[in-house]
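The values are calculated or read from the model by the stated rules, or taken from the named source; none is laboratory data. Since the model is a prediction, treat every value here as computed from it, not as a measurement. Glycine also receives a Cβ, built like all others from the backbone with ideal geometry; neighbour counts cover every protein chain displayed. Just so you know, the surface numbers come from the protein's heavy atoms only, side chains and all, with ligands and any DNA or RNA stripped out. Shrake-Rupley method; radii C 1.70, N 1.55, O 1.52, S 1.80 Å.
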Amino acid sequence: QLGHVLRAVMMTLAYALIMVIVSPSIALATVGIILLFWLALNKIIHILNKLAVEATAGEVSVSRWTFEYLYAPRLLRLFNATDYASDVINTTRDSELLPGRKIDLLAKAIPKAVELFTVIGAGTFLVGGYLFAGDNAKTVIPIFFVYVLILFRLRPLVKAFNEFRVKIANILPRAKIIAKLLDTKTEIVTRKSGVAFSGLKEMIRFDNVSFTYPDTESYILKNINCSIPRGNTVAIVGP
């Protein structure tokens, strides 16, 4: 991709030089038109980047919930939660697929937009130039044809630029996640109080322990007293 972009940059500079040598004023007008088109494409690239973030987040959620639920089939059957797990996985899968489809649609629409812009721009350039030239049309029209030819030659270069930008927009969200995983910075935590944990020696004991979920007043557990000896597993099961 970088090779394509570098070749596109060199060819664009060469065409720009030809345009400036032939007619600086028309070259300036052409640059203005291309800049407007570039700004419009920037909006599309911004939307693509946003959709790529959503698709990446959905992809991560699909992997997480699939791993969580498929590795706990016994618990799912125990809590009668197989349908719930299926709904969660399907919902997160939709959150990944929908932005991905929009990305594919926009990525396919950009080359069509470039082609449409080139054809309309070339036609407008020729007709407008002919009307504007007046009596000098016979001498000006050949110059306009040179610019139209350059405009069509610039089309694959603009396409190369935008393909590169679209791929970067798709890659960046995933690259950010990988960068976080590879980040080797560690936080230094200083303990100011409490007792150091030296390992579980005998048991865990609960004395009058109660529990409620946030924003509710009803107790899920109330005044629980129990001991869990070391090496044992205890499950609290209920609605």
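Considering V146, V166, V234, the condition of being within 30 Å of A27 (Cβ to Cβ) and modelled with pLDDT of 75 or more is satisfied by V166 alone.
Answer yes or no: is there a residue in segment 79-95 that is aromatic (F, W, Y), buried (at least 17 other Cβ atoms within 10 Å of the Cβ) and out of contact with any Pro (no Cβ under 8 Å at 6 or more places or on another chain).
The answer is no, given that none of the residues of segment 79-95 is aromatic (F, W, Y), buried (at least 17 other Cβ atoms within 10 Å of the Cβ) and out of contact with any Pro (no Cβ under 8 Å at 6 or more places or on another chain).
Residues of segment 40-50 include none that is assigned to a helix (DSSP H, G or I), at pLDDT 75 or above and more than 24 Å from the chain's Cα centre (by Cα). Are any of the residues in segment 157-173 in a loop (DSSP other than H, G, I, E, B) and either in contact with a Gly (Cβ under 6 Å, 6 or more places away or on another chain) or over 30 Å from S23 (Cβ atoms) (or both)? No, there is no match, as no residue in segment 157-173 is in a loop (DSSP other than H, G, I, E, B) and either in contact with a Gly (Cβ under 6 Å, 6 or more places away or on another chain) or over 30 Å from S23 (Cβ atoms) (or both).
Taken together, I236, I188, I178 contain a single residue that is within 30 Å of A109 (Cα to Cα), of a type in the set (A, V, I, L, M) and open to solvent by 80 Å² or more (accessible area, probe 1.4 Å), which is I178.
Sub-8 Å Cβ pairs linking a first residue in segment 177-200 that is modelled with pLDDT of 75 or more to a second residue that is open to solvent by less than 100 Å² (accessible area, probe 1.4 Å), at least 6 apart or interchain, are I177/T56; I177/V60, ordered by first then second residue. Residues in segment 19-60 that are under 13 Å from P173 (Cβ atoms) and surrounded by 17 or more Cβ atoms within 10 Å (Cβ to Cβ): L48, N49, L51, A52, E54, A55, T56, G58, E59. Screening E96, E54 for residues that are assigned to a helix (DSSP H, G or I) and modelled with pLDDT under 85 leaves exactly one candidate, E96. Taking W65 as the residue in question, decide whether it is assigned to a helix (DSSP H, G or I), touching a helix residue (DSSP H, G or I) at 6+ places or on another chain (Cβ under 9 Å) and loosely packed, with under 15 Cβ neighbours inside 10 Å. No.
When each of K201, K185, K180, K222 is tested for being on the phi < 0 side of the Ramachandran plot and assigned to a helix (DSSP H, G or I), the lone residue that passes is K180. Answer with yes or no whether L13 is open to solvent by 70 Å² or more (accessible area, probe 1.4 Å) and in contact with a helix residue (DSSP H, G or I) (Cβ under 9 Å, 6 or more places away or on another chain). Judged against the criteria, L13 is not a match.
Say whether the condition of being among the charged types (D, E, K, R) and either within 23 Å of I21 (Cβ to Cβ) or not in a helix (DSSP H, G or I) (or both) is met by at least one residue in segment 132-141.
Yes, there is a match, as at least one residue in segment 132-141 is among the charged types (D, E, K, R) and either within 23 Å of I21 (Cβ to Cβ) or not in a helix (DSSP H, G or I) (or both).
Residues of segment 197-233 that are surrounded by 10 or more Cβ atoms within 10 Å (Cβ to Cβ) and of a type in the set (D, E, K, R): R205, K222, R230.
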